[in-house]
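Written below as structure tokens is the structure these notes are about.
The values are calculated or read from the model by the stated rules, or taken from the named source; none is laboratory data. What you are looking at is a predicted structure, and each value in this text was computed from that prediction instead of being measured. Cβ placement follows ideal geometry from the backbone for every residue including glycine, while neighbour counts extend to all protein chains displayed. Ligands, DNA and RNA are excluded from the accessible area calculation, which covers all protein heavy atoms including side chains. Shrake-Rupley method; radii C 1.70, N 1.55, O 1.52, S 1.80 Å.
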Amino acid sequence: MEEAKQIEVGETSSSTPSRKVITLEPKLVIKKGISTLGFVFRLFAVFGTIGSALAMGTTQESVVSLTQLTRMMNQGEKGVYRSSYDCLVKTVRFEGVRALWKGFLPTWGRLGPWQFVFWVSYEKFRQLAGLSSF
């Protein structure tokens, strides 16, 4: 078998002076893929985001604040409040609007350090697995 000669565009082959022969080399194809671990992490991220969005959306439709949620769940069988709306109205009427955010700072004081530890360890585990960070 003869080896194909490469010639520049516009040049002619010496064996066939009237023809232009062009050989093209195959292009380098870069394989783009994600590893199994990367796929699992992305799957968790997608479902976690969807779940969080659903939880936040449905909670905000029925319960305005965590204070209202706590009161509705702890009222017992007797029932001080008839509905979420009734709880909201009575809370604002008797305690003021600021009562809806009772416990906000302690809740974030608890969640803040947890979020920091979680995301830092998550990035370190990604590095150990050989995955790039975000």
What are the pairs with Cβ atoms under 6 angstrom where one residue, in region 75-90, is closer than 18 Å to residue 101 by Cβ and the other, located anywhere, is of a type outside the set (Val, Ile, Thr)? Sequence gap at least six, or different chains. 84/62; 87/68; 87/71; 87/72; 87/81; 88/68
Helices (runs of 4 or more DSSP H) contained entirely in region 22-107, each with at least 2 residues that are under 30 Å from residue 123 (Cα atoms) and modelled with pLDDT of 85 or more: 36-62
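So, residue 105, is that one over 26 Å from residue 42 (Cα atoms) and open to solvent by less than 40 Å² (accessible area, probe 1.4 Å) or not?
No; evaluated as a whole, the condition is false for this residue.
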Report, by residue number, each residue of region 121-133 that is out of contact with any helix residue (DSSP H, G or I) (no Cβ under 8 Å at 6 or more places or on another chain) and surrounded by fewer than 10 Cβ atoms within 10 Å (Cβ to Cβ). 128, 130
